[in-house]
Every structure is written in C-alpha cells, then in structure tokens.
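Visitor: Starting off with a structure, shown below.
The values are calculated or read from the model by the stated rules, or taken from the named source; none is laboratory data. Remember, it's a predicted structure, so these values are computed and weren't measured experimentally. Virtual Cβ from ideal backbone geometry, glycine too; neighbours counted across all protein chains shown. All accessible areas refer to the heavy atoms of the entire protein, side chains included, with ligands and DNA or RNA removed. Shrake-Rupley method; radii C 1.70, N 1.55, O 1.52, S 1.80 Å.
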Amino acid sequence: MAEYLASIFGTEKDKVNCSFYFKIGACRHGDRCSRLHNKPTFSQTIVLLNLYRNPQNTAQSANGSHSLVSDVEVQEHYDDFFEEVFTEVEQKYGEIEEMNICDNLGDHLVGNVYVKFRREEDAERALVELNNRWFNGQAIHAELSPVTDFRESCCRQYEMGECNRGGFCNFMHLKPISSALRRQLYGRARNRQARPGASPPRHHSPKRFSDRPRHNNRDGGGRRRSRSPRHRHGRF
C-alpha cells in the first residue's frame, strides 16, 4: 500500500495531495482546494508572487480604455525586467540555474517569477532576504516552490502557439526572453567556471529594488507632497 501511495503521489490519481500544486507550485483554488498543498521546507526554487506586470494587460489611456502597446515595446520591457531581477538576485544570493516568468492571467500564476538556484542554501537565504525587500513600490512576497523541472509545469500547446485556453490556462505560459539576453545572462556562469578568478561583468545599478518602501516627502507646511516613482514603466 505504501509503495502504491508513493507511486501516485502528486499525480491526478492522488486524491489527497493536489497534483497542480505539486507540478506548478500554485493552484487556482488556493486555500479552498479540497486537496493538500504540501509546501516544501527546502528547495532550489523560490517563487516571487505576482511580480511581473505585462504592460499590454495594464496600460490604459486617459479615458480608461486600453492603450496599444506594440509587441516590440513589450519585449523590450520584459527583457529589461528579466535582466534587472536576474542580475540583482544572482549577484546578491547565488548562482541561478534557471529563471522563468509566467505570462498567465489567472490570479494564482499572473506575473509569478520562478528562480531556481544551483544550491538550496542560496534559495533559502534569498527567500528570507527578499521577503524584506520591495520592487517598484510593491512588497516582494517570496515562497519556496516544489517546482524543479519546468518541463512538467509548462504548457506545451502554448510553446507551439496552439493553446486555446489563453492566459487562463492552468499550466505555465513561460514568456521567453530574447536570444541575445539569454546568451548574456546564462553565459556568465560558464565564464566564471572557465575563469574562476575573473571579476563579474559590470551592469547598470538596479533602480526598482529597495530595502524599504519609499515614503512621500512633506512640503514646508507639513503636507505630503507626492513624488512620481523612478522606474522605467513610465514609458508605457
């Protein structure tokens, strides 16, 4: 019996444990799910919940209607976001083996950033410290994730351009970065291994990470004076 239960753990045949949470680290039913969400106590992977915001989904014009954002602008925006998060996290917490971002629209997946470290202890340290940090004016909410093999959690139909469930698919729609950025970011580890004494390349200073929320200034009369946030989202 024990062997049978072990063989079906995390599968659709498992009537106790949630197979979706086991595969993608999230479930559309949340706390209302009738099955257990077994959160890991250690993992190589952390998830930063709802951190990425696709400008095509959020940009609005003055009259409240959605404004048009070109695919080129969206890719540039996404590459900037990906590079900033990847660089900040890797330089502060440890080598990243893989990072993926969901482009789904469901509340349990939208904007989730999954970071798989090479070492579990780096993931644990990042988890603790990132939960005390802010990004682009919002508090970061990080959790350990059971996902270590993204081939099992991603939507293969989406990768082929054939998913008819759109952004509300329950499997991950992993948005790709440009090939040039992929070579740049993931080539660093190989360069460090080939030249262990070499210093890391210089990058722009992250502008959207902070250790505490920014507070509005006060004017001479003691009233709060609003200050527009300094980040690159303004171009949209």
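Visitor: Taking 7 Å along the Cα-to-C-beta vector as the label spot, tell me the residue 178-residue 68 distance in nanometres, rounded to one decimal.
Guide: 2.2
Visitor: Given a 1.4 Å probe and the protein chains all in place, what does the accessible area of residue 79 round to, in Å² to the nearest 10?
Guide: 20
Visitor: Give me the extension gain from residue 133 to residue 156: residue separation times 0.36 nm, minus the current Cα-Cα distance, reported in nm with one decimal.
Guide: Net length gain for the segment: 4.9 nm.
Visitor: A further question follows. Using a Förster distance of 22 angstrom, determine the FRET efficiency expected from the C-beta separation of residue 17 and residue 121, and round it to 0.05. Walk me through the numbers on the way to the answer.
Guide: Details: r = 26 Å, r/R0 = 1.20.
After rounding, the FRET efficiency stands at 0.25.
Visitor: What do you get for GluC sites (Glu not before Pro) in segment 130-172 restricted to DSSP loop and a cutoff of at most 11 other Cβ within 10 Å of the site's Cβ?
Guide: Within segment 130-172, the qualifying GluC sites (Glu not before Pro) (loop, at most 11 other Cβ atoms within 10 Å) are 162.
Visitor: Students sometimes get this wrong: rank 39, 23, 116 by accessible area, probe 1.4 Å, all chains present, largest first.
Guide: 39, 23, 116
Visitor: Compute from the Cα atoms of segment 98-138 the Rg and the Dmax, the latter being the longest Cα-Cα distance, and quote both in angstrom.
Guide: Over segment 98-138's Cα set, Rg and Dmax evaluate to 12.0, 31 Å.
Visitor: While we're here: Computed over the Cα atoms of segment 53-172, what is the ratio Rg over Rh, Rh following Kirkwood?
Guide: 0.98
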